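The values are calculated or read from the model by the stated rules, or taken from the named source; none is laboratory data. Everything numeric here is computed off the predicted structure, so don't read it as measured data. Using ideal geometry, Cβ is built from the backbone for each residue, glycine included, and neighbour counts are taken over all protein chains shown. Calculation scope for accessible area: heavy atoms of the full protein, side chains included, ligands and nucleic acids excluded. Shrake-Rupley method; radii C 1.70, N 1.55, O 1.52, S 1.80 Å.
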Amino acid sequence: MPAHATVIAVNRYSHAVWRRNVLVWRRLMWPSLTTNVLDPLIFLFAFGYGLGAVLDQVGGMDYLSFVVPGMMCYAAMFAASFESTISTYARFSLQHTWDAILATPVTLTELMLGEMSWAATKGAFSACCVIVVGLIWGGVPYLPGVLLALPVLALGAVCFASCGLVATAHAKTWDIFAYFFTFWVTPMFVFSGTFFEVTRFPWFVQAIAWALPMTHLISVVRPLTAGATLDPWIALGHLGYVAALAVAAFTLARYRFGRRLFD
Amino acid sequence: MEGAAAKTPVIEVEALEKRYGAVHAVRGVSFAILPGTCVGLLGPNGAGKTTTMRMIMGLTHVTAGRLRLFGEAPRDLGRGLRERVGLVPQEDNLDPDLSVRQNLEVYGRYFGIEAGQVALRVPKLLDFMQLAERGAAKVMQLSGGMKRRLIIARALISNPELVILDEPTTGLDPQARVMIWRRLLDLKRDGKTLLLTTHYMEEAQRLCDRIIIIDGGKVLDEGTPQQLIDRHVRGHVLEVAKPLPDGFVEDGLERNDIGDAVLYYASDPAEVTRRLPRDATYLHRAANLEDVFLRLTGHSLRQGG
């Protein structure tokens, strides 16, 4: 499993949580694969064919090369966000899986790291599926760049998973996830440069776009897969933002869950 | 030294308190549980039983008071202490998508137990809880009684010294209940310490060496079942329906008005019967733990009860 590369095996306790989720996923693999993999592939197909036919060049590259890295990031973002919200909340609130785990030597931080790394794993896995299709389809002109993009995508997935946990930590009912998808996932889908360059939007949309981690992720992944020039310092700046947001989000989620569970 | 060490209580709580915002769920509970004993925590719904257990397990923070496990103060319940405790929660929190065996294997990993060790323990535990033939079954396919048995087996995966059981047999049929009682007595014979909550007085009377009755977040009394019966309901209960017969003098009798009848407690039934008119009808039976419980916690229905 290529996703193994992204596992943050902090210790064997968080790894035990991660493995529990892998085990359940293997038993329910097909519906899960459908949402996480087929979904972005449908988008890729539709936009690749539909828009690719009208658009000649975007950002100095053919449209397929432009949209494939965007879809990689989108796949990572959507899968990690879904897993760390809807699925994690089901384990937390519906199945009481968290209660069962917290009665063992696993600490809350380890449990959350296990959940987060699993959501990130699913994100990275979905991105890998898009990469495979992109390679076959010809949307990845620069092969070594893809290898470099993998850890970048994994970091992005970690960030999206951590942000999802913040929503889950605040969720009292399922309703909050409707807001999460409308105000967080959808803007990243449309404003972060997945299908168009961010510069096409008016300045205030651009300002919002640059606050979203997805925009920074795409800014690094796209030049890598296209083999375009990428200033390492600028890349580091983008990745630093994503990493900082991941740490901040995880810390906030940990604080919220701690208050909620133990106080 | 060995004798002194053996007497260190497994659980020791002193003036334990828990507040959830404005709700004062536990208001100064104190007790000590000695190794190898089975202690029952009895109380109506909302008495603070589950909260007390959750504090002992480190699943909720202690607001005030002192808590010691195995003689140590658990700071957020350190890993070393948690490995020695197994919890059977009230609700079913098994993994519904996994098989019976996988539920145990996955749980073993949370305790950091080697895969080889777990593989050795799983068949033994399935055997112990009479689930050996259901190892491959999905949890979703199990009956309520089987799920309970699996939850108990799961709590034993780390071979804990202390097992905490929150209403282990609620909602089970008599056969399943008796089976679980036998297993719990087996565990006690193995030297494990048990702390359980229950609504079934028969269960408490059969299993528990000591009983702690709590209500309103406070300990009302504790002792062996017999001590509690002697202390509060004296051995015999005579129930006289209302209206009470003419010429019946109640003075000096221990009584408890339950609405449409009055219960009288006596060490000798004649204490009551000789005061009753010859033709009066009454119900006479041996006092049990249920009488103690109702006497101490009252007869009115509780929220959720």
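Some notes on this structure:
- The label-point distance for A:Tyr255 and A:Arg12, in a model that sets each label 7 Å from Cα toward Cβ, rounds to 3.4 nm.
- MRE, 222 nm, helices only [DSSP H, n ≥ 4, -39500 (n - 2.57), over chain A, to nearest 500]: -23500 deg cm²/dmol
- Summing Cβ point charges (Lys, Arg +1; Asp, Glu -1) relative to the Cα centre of region B:40-156 gives a dipole of roughly 280 debye.
- Residue by residue, region A:200-211 carries 3J(HN,Hα) couplings of 6, 8, x, 4, 5, 5, 4, 4, 5, 4, 6, 7 Hz when phi is fed to the Karplus relation 6.51 cos²θ - 1.76 cosθ + 1.60 (θ = phi - 60°); x denotes Gly or Pro.
- Accessible surface computed residue by residue for region A:31-189, with neighbouring protein chains in place and a 1.4 Å probe, gives 35 Å² per residue.
- Sequence-separation-based contact order of chain B, relative, with Cα cut under 8 Å and 6+ spacing, percent: 21 percent
- With a 1.4 angstrom probe, the accessible area lost at the B-A interface totals about 2600 Å².
- Calculated Rg and Dmax of chain A using C-alpha coordinates, Å: 18.1, 58
- Residue with peak Gaussian network fluctuation, chain B [Cα springs, cutoff 10 Å], from B:Arg121, B:Arg101, B:Arg109: B:Arg109
- Dipole moment magnitude, nearest 20 debye, region A:3-262 about Cα centre, only Lys, Arg, Asp, Glu C-beta charged: 840 debye
- Think of it as helices only: each DSSP H run of n ≥ 4 in chain B is worth -39500 (n - 2.57), and spread over all residues that comes to -9000 deg cm²/dmol at 222 nm.
- Pairwise Lys count, chain B - Cα closer than 23 Å, eight or more residues apart or different chains: 15
- Put the Cα centre of region B:226-261 next to the Cα centre of region B:173-191 and the gap is 35 Å.
- For chain A, modelled as a GNM whose springs connect Cα atoms under 10 angstrom apart, the maximal fluctuation among A:Val22, A:Val54, A:Val37 occurs at A:Val54.
- For chain A: relative contact order, % (alpha-carbon pairs under 8 angstrom, 6 or more apart): 26 percent
- Result for chain A in a Gaussian network model with C-alpha springs under 10 Å: among A:Gly52, A:Gly193, A:Gly114, the largest mean-square fluctuation is at A:Gly52.
- Sites A:Phe204 and B:Ala22, calculated FRET efficiency, Cβ-Cβ separation with R0 41 Å, nearest 0.05: 0.40
- Counted residue by residue at 0.36 nm each, then reduced by the alpha carbon distance between them, the extension gain from B:Glu254 to B:Asp268 reaches 3.8 nm.
- A simple spin-label model places pseudo-atoms 7 Å from Cα toward Cβ; at B:Glu133 and A:Ala211 they are separated by 6.3 nm.
- A:Ser32 accessible area, assembled protein chains, probe 1.4 Å, Å²: 20 Å²
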